[in-house]
Amino acid sequence: MLKIENVSGGYDGVKIVKDIHFSVGKGEFFGILGPNGSGKTTLLKMMSGLLELEQGEVKIDDISISDLTKKQLAKKMAVLPQLSPQVFPYTVKETVSLGRYAHHRGFFQTWTDEDEDIVQKVMKQTNISRFQENSVMEHSGGEQQRIFLAQALVQQPDILLLDEPTNHLDLAYQKELLDLLRTRAREEGLTVVAILHDLNLASLYCDKILLMDNGETRAVADPNDVLSEELINHVYQTEVVKQPHSKIAKPQLHLLPGKKSEREGEQVKIDENMLSISPERIVLQSKQPLKTVSSGVVGAGAGWYSNFVNRHVDANYNCTNHRQEMREYLTKYGFPVSQTVGMMTAVVLEDNSYRLYEGDGFSVMIVVTAGVGNAVDSSRVNSPAAGPVKPGTINTWIFVNGKLTDEAYIQSIITATEAKAQVLRDCHILDAVTKKQATGTSTDSILVAATQQGKEIDYAGTATELGAIIGKGVYQEMKQSIQHYFKRKEMHGHLSSN
Amino acid sequence: MKSNLLKYTLSLAFLISTMLIAISVGSVSVPIPEIIKIIGSEVFHLPIGDGVDPKSISIVYDIRLPRVILAGLVGASLAIAGAAFQGLLRNPLADPYILGVSSGASVGAVSTLFFNISIPFLGMYTLPFLSILSALATIMIVLFFAKKIDKTMRVESIILTGIIFSSFLGSIISLIIALTGEELQQIIGWLLGSVSMRGWKYVGIILPFLIVGGLLLLMNTRELNAMSFGEERAQHLGVDVEKRKMLILAAGSILTGAAVAVSGTIGFVGLVIPHLTRKLWGPDHIHLLPLSIITGAGFLILTDLLSRTIISPQVLPVGVITALVGAPVFAMILIKQKKEKGR
């Protein structure tokens, strides 16, 4: 469809674009990225025929654009330029209608019904019909952008070139414009080539990306390959972190503001003194947010949190809408929901056990509340618990004063879970139904939180120091907590039998 | 939306009424019905009724009618040239003067007077001929230099070169005036601009140029629309910008050169009329150009009428009136525009 073959060129003999080579298929959404001054706009001008090529060729369907007349080219390729100020008060419809110029022959061609239909249809699609009789100058940048997009679309081009189309647009218009372009590309086979500024938007919408640096090709590939930390760090001279989009299979890049020392903020160390324990709840509050992975009721998943609440609820707690109820509870007691991980347990909170374990250059604090009333063997569960969710009975908190990788988080959870199974085996706790060895309870929760300061810890498998401490610590604290639980049960049973 | 019929009806009504009034009013006033009879008789050879003074026939047909028509043609030429230059240069303040075209034509005319040039076979036509020739030469030189400065010939480069040439040519005119002895009165009179005492001959001189230049521009109205959104935009829409730009500049120069040749330098018409027409009827060049022709003609007929009646029997140069009327009108438009923008 569109081929750029070894194109070089620039202004006044200064080569700005150097040997660019790529092709774009029909219906593809192709993005051009690069820092300021990398030659993106110059390349686009050469592709649209505004600027002569010094070398190479631009071909549409294997015909060089220099062999086409201006009108022929305009019927195949339209351009949405960056907005420039308007001088004359043309109406919106007059402006859009000018897009039909290339379809008119000579001086005597009149406005046909077909022209009118196309103009009306496109104005409807771009959502500008209702102000078609107003002057273009009266409208905001975002609306003008849509008017000129409509002008380009009534050219009925196969290819649309855009130079930073989302400039001047607020969030909703950015999405609306790019959605419209993508729909056109998917449904009508419009080939879209857009210079984009925002790497993350490019990742979301582009099928393929050209990354330019200093007029040269740095990469032409799938967004996932182009938006690598290494490439972007190198081309933009800026440190970024690549993360998957949390809802769709596209990468996103995160900027790291300021200097490294500024980002880390005040040093914190999580220790026993930060815990406050009452019959209603166990709370840990940190001055700095901790990077947390958890299966709590509130604040589950990954995120940064500074409040951690393990709340006691009655065994008959009716939890049809437990998330909402938990949020209200947290708010009531002054814990901002957005900064809090909240868990529930029916266990009596006296049955807790915690301790700070020191490692080499890091430390780990483990807090466990355990009760084994509905212990199960996870490998032999026949009917998943029906009805309302019961509050967790073994809640494990692991706080690491150190800097963990994603792998270390996951390994911490594995290690802690293995330790838990061992505790239950050693305490001879059986599944109430199958009478087999239990591995946990049906609603256990876990939390791993790290300060992300200090020593970098890559792994937390059992072969590592962190893994060993977590294994040993979880084992000890959980065993102690279960022993508290049994002791209290025994006393309670003794009292009731009396 | 304002209907096209209304636009043209009102504009034509303005033109025809100014024509009739201008023919009617003067040292000897001729009633309008009589004018219609005389024109019918002279042009369409209809029988002239009784009671028409033969002296009136001469006044109307030999003096006032050619003067009014010449004024109309000059006004039309300047207005359509101005409208085209404004659209092409994307500048509502542009006019034929900005490109140095008028100055070029003036240098041609003034030199003819100063050196008393007379080309054989051309005789009386020497001055208009050289005037148009130097207008065309000026635009060629301006474009040549603009291209030297900037290969892509952006509008800004053309305007800049035009302004430089304008001042340069202006100083040549001043130099000639300084060296002038007895021809001074003649040169100054010509420079101030006038359509008086020219007769049918001058109508014949300007008319072919108006037809050629006017048609050229009317064939480029869509292109002018596209180019008023910027040259790059126009090219993306499919306009052959280089070619069209040359055509429009050449047509504008022919029109300006011809107007300057027959009437001297008459300012503000090419600036105010297109601006006013656009304000009234919209910026679409398909209608803006023909409407500017009609309104420009009417406007210059009206100002010429003022120039010969306002301090009668003294006759003022019409260029003085257009400037006197045009400048304040223009200032008012600007102030109003500024206010609207400020809102």
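The values are calculated or read from the model by the stated rules, or taken from the named source; none is laboratory data. Predicted model, so just to flag it, every value in this text is computed and none were measured. No Cβ is skipped: glycine too gets one built from the backbone with ideal geometry, and neighbour counts run over all protein chains shown.
Within segment A:87-133, if we keep just the residues that are among the polar types (S, T, N, Q), buried (at least 16 other Cβ atoms within 10 Å of the Cβ) and farther than 19 Å from A:L162 by Cα, the residue that is farthest from the other protein chains (Cβ to nearest Cβ) turns out to be A:S129.
One line per residue, one yes/no per condition, for (1) under 26 Å from the mean Cα position of the chain (by Cα); (2) assigned to a helix (DSSP H, G or I):
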{"site": "A:S276", "(1), (2)": "no, no"}
{"site": "A:L284", "(1), (2)": "no, no"}
{"site": "A:G303", "(1), (2)": "yes, no"}
{"site": "A:N307", "(1), (2)": "yes, no"}
{"site": "A:R311", "(1), (2)": "no, no"}
{"site": "A:N318", "(1), (2)": "no, no"}
{"site": "A:Q324", "(1), (2)": "yes, yes"}
{"site": "A:S338", "(1), (2)": "yes, yes"}
{"site": "A:V341", "(1), (2)": "yes, no"}
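Taking the stated definitions as given, is A:V17 crowded, with 20+ Cβ neighbours inside 10 Å, more than 14 Å from chain B (Cβ to nearest Cβ) and more than 21 Å from A:D207 (Cα to Cα)? Yes; evaluated as a whole, the condition is true for this residue.
Meeting the requirement of 2 or more residues that are in contact (Cβ under 8 Å) with a residue 24 or more places away in the chain, the helices (runs of 4 or more DSSP H) wholly within segment B:217-287 are B:221-227, B:241-263, B:269-281.
Taken together, the residues in segment A:36-57 that are within 14 Å of chain B (Cβ to nearest Cβ) and assigned to a helix (DSSP H, G or I) amount to 6.
Once segment A:67-86 is narrowed to residues that are of a type in the set (A, V, I, L, M, F, W, C) and within 42 Å of the chain's Cα centre (by Cα), the residue that is nearest to B:L280 (Cα to Cα) is A:L83. Just one of the listed residues (B:G181, B:G204, B:G170) is more than 30 Å from A:G13 (Cα to Cα), surrounded by fewer than 17 Cβ atoms within 10 Å (Cβ to Cβ) and touching a residue at least 12 places away in the same chain (Cβ under 8 Å), and it is B:G170. For beta carbons closer than 8 Å, sequence separation of 6+ or different chains, a first residue in segment A:124-144 that is closer than 17 Å to A:V154 by Cβ and a second that is among the small types (G, A, S), the qualifying pairs are A:Q125/A:A150; A:T126/A:A150; A:I128/A:A150. Which one of these is within 18 Å of A:P35 (Cα to Cα), among the hydrophobic types (A, V, I, L, M, F, W, C) and in contact with a Ser or Thr (Cβ under 8 Å, 6 or more places away or on another chain): A:L177, A:L201, A:L162? Result: A:L201 is the single residue among A:L177, A:L201, A:L162 that is within 18 Å of A:P35 (Cα to Cα), among the hydrophobic types (A, V, I, L, M, F, W, C) and in contact with a Ser or Thr (Cβ under 8 Å, 6 or more places away or on another chain). Criterion applied to B:S118, B:S102 was being out of contact with any Lys or Arg (no Cβ under 7 Å at 6 or more places or on another chain), under 15 Å from B:A250 (Cα atoms) and away from chain A (no Cβ under 14 Å), and the one residue passing it is B:S102. Taken as a whole, the structure leaves B:I311 outside the set of residues that are assigned to a helix (DSSP H, G or I) and more than 17 Å from B:Y97 (Cα to Cα).
Take B:A84 and decide whether it is at pLDDT 80 or above, under 22 Å from B:A135 (Cα atoms) and under 17 Å from the mean Cα position of the chain (by Cα). Answer is yes for this residue. Looking at this structure, is A:R186 surrounded by fewer than 18 Cβ atoms within 10 Å (Cβ to Cβ), out of contact with any Cys (no Cβ under 7 Å at 6 or more places or on another chain) and either of a type in the set (S, T, N, Q) or within 30 Å of A:D117 (Cα to Cα) (or both)? So A:R186 fits the description; yes. Scanning segment B:211-255 for residues that are over 15 Å from B:V101 (Cβ atoms) and more than 14 Å from chain A (Cβ to nearest Cβ) yields a total of 2.
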